[in-house]
1. At a Förster radius of 25 Å, what calculated FRET efficiency corresponds to the Cβ-Cβ distance of ARG152 and LEU83, to the nearest 0.05?
2. So, in nm, how far is label LEU393 from label GLU416 when the simple model puts each one 7 Å beyond its Cα toward the Cβ?
3. Out of the total accessible area of the range 1-81 (probe 1.4 Å, heavy atoms of protein only), what percent is carbon and sulfur?
4. Tell me the label-point distance for the pair HIS405, VAL293, using the 7 Å Cα-to-Cβ offset, in nm and rounded to one decimal.
5. How big is the range 23-126 by Rg and Dmax over its Cα atoms, in Å?
6. Evaluate E = 1/(1 + (r/R0)^6) for GLU40 and ASN119, where r is the Cβ-Cβ distance and R0 equals 25 Å; express this FRET efficiency to the nearest 0.05.
7. Given the whole protein assembly as supplied and a 1.4 Å probe, what does the accessible area of GLU374 come to in Å², nearest 10?
8. Would you please state which residues of the range 192-233 a label at LEU350 would reach in this model, taking the label point 7 Å out along Cα→Cβ and a backbone N cut-off of under 16 Å?
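The values are calculated or read from the model by the stated rules, or taken from the named source; none is laboratory data. Note that the structure is predicted; figures quoted are calculated from it, not measured. Neighbour counts run over all protein chains shown; Cβ positions are idealised from the backbone, glycine included. All accessible areas refer to the heavy atoms of the entire protein, side chains included, with ligands and DNA or RNA removed. Shrake-Rupley method; radii C 1.70, N 1.55, O 1.52, S 1.80 Å.
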Amino acid sequence: MTRQVHMWSRGVGIALAAMAIYAVAIVSFISLTLLVISMEEGGANLSDSTVSLTGAVVLLSQGIGFSSGSFTLGITPLLLTGLLIALIRQLAQRLGTSLLGYVAGLVTWMILNLLFIQNASVNLSGSLASHLVRSSLVFSLGYLLSGISDWREIKALKSLYQTRVSSQIRLIVRMGMITWLLISAVFLVISLCTCVYWAVVNHQGMARLFTLLNMGMGSRILTTIACLMWLPNLLMWALAWLTGSNFQIGDAGYFSMWLGKSTDLPPIPVFGLLPDQVSNDVIRTIVLTIPLVVGFIAALLVIVHPRSCDAWKIITCKADEISNKQTIIRLAYPIGALCITATLLVVSFLCLYGVSNGPLGKSRLAHVGVSTQEAIRSVAQPTFLGFTLAWVLVAVIIAFKVGLHVVVANIHRRAEEAKDGDVESLHETDTVSGSAGESSRVISSKDFGSTETSTTVLVHAENLGSSDSKADANAKEDS
């Protein structure tokens, strides 16, 4: 009983500590920002709005949008969400995790969010049930990522998985998940490089917006830091832009590699970094092939890597060492691994694109972000085509080597058969010649060396001669 109470108390402590640390950090930054803006603008003191704005930001980072008058904000700052999940995970690792602790912490976390919801001075979007579901997902991700593998229940499931599932299937699943993580990381790095390029090329547009808003240096710095909280959202929009899709700022802006236009964008400085169209067809074509190249290289590593399916062993081995069974296995395993990778890519990017979108208003800015289905299709199709090309390339190389081996083996076999036939013919010729020699030696008197044998042979020859003469005489009489 004492042990169970201890588990419950640790779960409650994790939830309370995470919310306290996170809320203090948020309220400190908001207080500093409002103070600097008040000092630079010289207007009324804005610090009175700190507490209500802190609660709204805490809820917004968990996917709960809000509106106040004509202002609406429903785009989740994914960097804040990630930091909150990392904070919960770190505290859970320090204090320890268990199933009972997770339940207690989850209930505590939902109660804390209920307090923020009830005391919010802004209008929250969505129902109470959706608010609780979203906040519970954030806590669950942080808690379960900390040490779920150490739970007794998870260890039992892992042991069952290892005993019931063959090592080959486990290898396929492991390689599929590793490939998914690798491709996702590469796409995010490419998106980050794209955002950096936008910032370098279009920084004057952002500076122009700062000037139009008459913002001082302190306000510019703190506003830029605040905008960084939406950097993961911008990464997802950049990935859609790179792969041939588009993203929109409601009806006020449309951005793709073929078209970049904006009219009456909201006065948000980060919107000054948004890109123009790519006018060079060669550069645009090269950029559009990035998912294809990434998928091709990743699939090639899965197929030929020694710790994966190791099809390279078949390509480099000697021709007489090729096994049909091993060839089929080493070509079939990558199909399963890449199918798992494809499924995980679609599901993960579906979630990421979904949470990166949101509203900035009620009519003209009701949708800001990407079209989820179009964005997933633009990423998935060339990537999966790269998978297919890599597998076909390796299969063709192996088939060519196997076919060449078969052709060479047939040539050698026919050459051996022809050689054996010549040897048999030569042997038969030698046998016939030997028989003729034996006959001549029987007739020759020299070989026998005896007078009696020679006389016998001569008498036999005379008898044959007389028989032939009689046969000729009878033939003449008949005629």
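1. According to the calculation, E is roughly 0.25.
2. According to this spin-label approximation, the distance is 3.7 nm.
3. Roughly 70 percent, rounded to a whole number.
4. Result: 3.4 nm between the two label points.
5. Reported Rg and Dmax, both Å: 15.9, 53.
6. 0.25
7. Here the accessible area works out near 70 Å².
8. No residues fall inside that zone.
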